[in-house]
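The values are calculated or read from the model by the stated rules, or taken from the named source; none is laboratory data. Computed from a prediction, not measured in an experiment: that's the story for all the values here. Neighbour counts run over all protein chains shown; Cβ positions are idealised from the backbone, glycine included.
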Protein chains: 4
Amino acid sequence: MEYKTFRIPVELRFRDLDAYGHVNHAEFFTFIETARVKLMEQELEQRMGAGAPLFVVVEASCRYKEFITLRPEVLIVIQVERIKRASFDLLYTITDGAERVFAVARTTMVCLDAATQRPTPIPERFIELLSEKGA
Amino acid sequence: MEYKTFRIPVELRFRDLDAYGHVNHAEFFTFIETARVKLMEQELEQRMGAGAPLFVVVEASCRYKEFITLRPEVLIVIQVERIKRASFDLLYTITDGAERVFAVARTTMVCLDAATQRPTPIPERFIELLSEKGA
Amino acid sequence: MEYKTFRIPVELRFRDLDAYGHVNHAEFFTFIETARVKLMEQELEQRMGAGAPLFVVVEASCRYKEFITLRPEVLIVIQVERIKRASFDLLYTITDGAERVFAVARTTMVCLDAATQRPTPIPERFIELLSEKGA
Amino acid sequence: MEYKTFRIPVELRFRDLDAYGHVNHAEFFTFIETARVKLMEQELEQRMGAGAPLFVVVEASCRYKEFITLRPEVLIVIQVERIKRASFDLLYTITDGAERVFAVARTTMVCLDAATQRPTPIPERFIELLSEKGA
């Protein structure tokens with residue numbers, strides 16, 4: 001199955017810089033969270049309503065390519081890499097909207113049952129929305 | 001009535017610095033929140049149990065005296081300035097633990113009823129704990 | 001003299017929320033900093049070039065009117081309230097872009113000489129840019 | 001060669017929690033940065049003086065085991081995993097100071113020449129300080 005690619009801009013803040021004058025490396029994980037939540041809110045939750053699943057990050061990584069200094073925004077390209085029964089992997093390419101790649105990150109998310117807080121299968125409807133033929 | 005003074009250390013982080021190499025001015029409000037929550041948790045809530053009230057900040061201000069650069073911690077002196085029926089004011093002096101004063105801040109907190117989210121009188125027991133004769 | 005009013009949108013992040021599910025009160029100061037830096041960068045610095053002054057916050061306050069929950073952005077209306085020889089006051093109204101006002105904040109900024117780090121008069125060109133007849 | 005293990009406590013803040021009431025997953029990277037900077041400042045830089053190298057994070061990852069809710073502090077165990085010519089890997093185990101492991105993280109750091117911002121060999125003295133026979 002082919003999965004979709006999403007392109008989400010994230011606005012930067014002066015506060016994202018640290019004492020070196022670059023965006024702090026931990027902040028990249030907030031950028032990808034911001035992009036992911038925007039994706040979920042704007043594209044997925046409104047189509048799923050109350051059935052929107054609860055996801056938690058169980059693994060996250062980032063490979064830094066280039067420093068980011070103060071700029072209006074970054075464009076984050078989110079690709080669904082893999083979907084398993086109760087988890088899925090997202091790949092994030094943090095770019096300037098053109099050729100420059102600042103970093104490449106990845107998260108593994110697990111779908112939790114809101115009541116039991118235990119892993120639960122990803123809803124079919126959610127998988128469809130992430131897939132090329134979805135929506 | 002005389003109110004107590006509390007002295008709460010707060011550990012600093014490299015991430016508290018901004019691109020100027022000083023602690024970012026917004027971070028001072030996180031420092032005083034950290035100190036206030038430590039105070040509530042360590043000194044007040046354990047003596048009040050389930051009756052611990054819910055407080056929200058309705059006004060906050062800070063006058064900055066001196067830049068803070070990276071250092072292990074600051075010592076925050078919290079003084080109860082005024083207690084009214086449903087609100088109270090705290091004064092925070094952010095110091096190096098000795099003579100230097102980095103900033104002076106103030107918050108007005110309102111006591112909310114957890115169920116209705118409306119202002120509610122501050123519990124007597126809480127006022128006693130903030131008062132010199134308390135505890 | 002009449003001063004200008006600026007309207008600056010600031011994108012929100014899931015991370016701006018705290019454990020109460022509302023935007024954390026310290027984060028409002030980061031919002032107004034973000035808006036102020038956008039204003040400086042986009043509207044003022046490019047017209048002043050190397051002559052752009054260095055400003056530091058010496059006082060900041062915020063009166064909270066309404067909780068902010070997760071939403072795409074806020075619109076911050078920045079009004080120049082007062083300009084003195086080496087300092088000026090900005091008033092920020094944090095809104096939903098329409099009728100709702102979440103908070104009203106104020107900062108006093110002092111103009112510093114980059115070399116000596118001592119207060120220095122605000123450049124005339126900067127005052128013009130903040131004034132109705134400016135630019 | 002055997003490398004040292006360092007045990008660094010990091011104080012938590014209410015602000016580290018997100019809207020789920022758990023420490024936000026990006027904050028773990030700030031915790032390990034805080035621990036690493038404390039280690040550098042307290043144990044290494046004072047012994048190296050002006051020769052302290054400049055390190056940047058080129059890769060970071062974290063595997064989350066257990067949610068962290070509000071607590072006074074975590075204890076971070078830092079192990080030097082590998083030292084190469086211009087880079088080294090640190091492994092961080094984020095614990096409650098006893099048996100519980102909240103997360104395991106890893107960073108790859110590259111040593112930069114402060115003037116050229118290009119990779120440069122790690123100073124011998126720094127490697128000694130990280131090694132069992134060091135100090």
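Residues in segment C:60-72: is at least one under 14 Å from residue C:29 (Cα atoms), out of contact with any Lys or Arg (no Cβ under 6 Å at 6 or more places or on another chain) and surrounded by fewer than 18 Cβ atoms within 10 Å (Cβ to Cβ)? Yes, because at least one residue in segment C:60-72 is under 14 Å from residue C:29 (Cα atoms), out of contact with any Lys or Arg (no Cβ under 6 Å at 6 or more places or on another chain) and surrounded by fewer than 18 Cβ atoms within 10 Å (Cβ to Cβ). Would you confirm whether or not segment B:47-57 contains a residue that is facing chain C (nearest Cβ under 8 Å), at pLDDT 95 or above and either within 14 Å of residue B:109 (Cα to Cα) or surrounded by 15 or more Cβ atoms within 10 Å (Cβ to Cβ) (or both)? Checked segment B:47-57: at least one residue is facing chain C (nearest Cβ under 8 Å), at pLDDT 95 or above and either within 14 Å of residue B:109 (Cα to Cα) or surrounded by 15 or more Cβ atoms within 10 Å (Cβ to Cβ) (or both).
Can you tell me which residues in segment D:82-122 are surrounded by 14 or more Cβ atoms within 10 Å (Cβ to Cβ) and charged (D, E, K, R)? Once the filter is applied, which keeps residues that are surrounded by 14 or more Cβ atoms within 10 Å (Cβ to Cβ) and charged (D, E, K, R), segment D:82-122 yields D:89, D:96, D:106.
Identify all residues within segment D:10-36 that are more than 7 Å from every other protein chain (Cβ to nearest Cβ) and closer than 14 Å to residue C:15 by Cα; write none if there are none.
Residues satisfying the conditions are D:16, D:20, D:22, D:23, D:27, D:28.
Residue C:14 meets all of the listed conditions (1) surrounded by fewer than 21 Cβ atoms within 10 Å (Cβ to Cβ); (2) at pLDDT 95 or above; (3) out of contact with any helix residue (DSSP H, G or I) (no Cβ under 6 Å at 6 or more places or on another chain); (4) farther than 26 Å from residue C:132 by Cβ but one, namely (3).
Every test in (1) at pLDDT 95 or above; (2) more than 8 Å from every other protein chain (Cβ to nearest Cβ) is passed by residue D:1 save one, and that test is (1).
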